[in-house]
């Protein structure tokens, strides 16, 4: 069986509701909807778009190679006596727990005191409370993990007024359009490889996911697209996928399932409804991995349909799916550990009054025969970033 086309999987125990790296618990308000269309402006009157398929196939090959480069080879000596607080959107999300763990590891390597504050999905304003608690405790810096600027803008202003540096890991600053386009609040916002911003990184992921679908369907994709809306990174992922699918005249999104954090208990029902309403569908794209174990994977296994299924960010759960040839045919890996080390390197440079530099951290296409980590592990890629940063820091 080709790993790109998933047959119904054998029944298995109830999947975990959270997948590594998925930021499902971010609380932002948005409406949920399922929309279905029978036509698309990008769809041709008939037939596949072979030119688009050829272009997409080339993009997929480049995706297998990945776009990571190397971490920086030099930098300032570690700042001394620093107290750094890592503020996680929710430590109940395995991917964020891993990001926090590696961040603490990197900060400890630099000789810094660390504290972790669990924002608990912003329950009762937990994110801003963590920022203020850090300031009261004498923090020299706060590191926001998957906490965008807008919900904590006032608390960040208070922190920066007292000389506390603000660093970001997978967060969007207040000047981003998704945050209202206000004033920047982050002192450290780590660039990905080739100096890409977080917005560009997520855009590239969405485009690569679309290219894989176009290539696998030979330019004739009829896609059920499961989007995660109402959070910044989800907006970039979804928009980029849709725009790239639209470059293929033989392809169209035949049904869109919009998921927000409030929809998580109903993901399976919403997805099954969309699949039933899209009888011509031959592909599914899932923008964020948590949606698979939260209901999409179960619905796929009982659908009886042969579908090309594109996964998301190579969570531990998705790596397992690929090993078992269940649910998905690919995912897009990016090392959260590398990002954590890069964040601490950026913070160390900021303490020294130096600019943040390109981290070298990129993305890579993963399937059953390309770049697949061992089952039960997280995606880290092939670069020993930890040793590289230790050498750059002289520790």
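The values are calculated or read from the model by the stated rules, or taken from the named source; none is laboratory data. These figures come from a predicted structure and were not determined experimentally. All Cβ positions, glycine included, derive from the backbone under ideal geometry; neighbour counts span all protein chains shown.
Summary of computed values
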{"quantity": "Verdict on residue 256 being surrounded by fewer than 22 Cβ atoms within 10 Å (Cβ to Cβ) and either out of contact with any strand residue (DSSP E or B) (no Cβ under 7 Å at 6 or more places or on another chain) or part of a helix (DSSP H, G or I) (or both)", "calculated": "no"}
{"quantity": "Wholly within the range 259-338, strands (runs of 3 or more DSSP E) carrying at least 3 residues that are farther than 26 Å from residue 101 by Cα", "calculated": "283-286, 307-310"}
{"quantity": "Residue 183 vs. criteria free of Cβ contacts under 8 Å to residues at least 12 places away in the same chain and either crowded, with 20+ Cβ neighbours inside 10 Å or not in a loop (DSSP other than H, G, I, E, B) (or both)", "calculated": "no"}
{"quantity": "Some residue of the range 148-158 being free of Cβ contacts under 8 Å to residues at least 12 places away in the same chain and surrounded by fewer than 18 Cβ atoms within 10 Å (Cβ to Cβ)", "calculated": "no"}
{"quantity": "Of all residues making up the range 133-147, the number that are surrounded by 24 or more Cβ atoms within 10 Å (Cβ to Cβ) and outside any loop (DSSP other than H, G, I, E, B)", "calculated": "6"}
{"quantity": "Residue selected from the range 186-240 under the condition in a strand (DSSP E or B) and over 18 Å from residue 148 (Cβ atoms), by the criterion farthest from the chain's Cα centre (by Cα)", "calculated": "222"}
{"quantity": "Meets criteria (under 25 Å from the mean Cα position of the chain (by Cα), assigned to a strand (DSSP E or B) and at pLDDT 95 or above) for residue 127", "calculated": "no"}
{"quantity": "Residue within the range 107-114 that is touching a residue at least 12 places away in the same chain (Cβ under 8 Å), assigned to a helix (DSSP H, G or I) and over 24 Å from residue 231 (Cβ atoms) present", "calculated": "yes"}
{"quantity": "Set 318, 335: member being over 30 Å from residue 78 (Cα atoms), in contact with a helix residue (DSSP H, G or I) (Cβ under 8 Å, 6 or more places away or on another chain) and surrounded by 20 or more Cβ atoms within 10 Å (Cβ to Cβ)", "calculated": "318"}
{"quantity": "Matching residues, the range 371-395, being farther than 23 Å from residue 77 by Cβ and surrounded by fewer than 17 Cβ atoms within 10 Å (Cβ to Cβ)", "calculated": "374, 375, 376, 377, 382"}
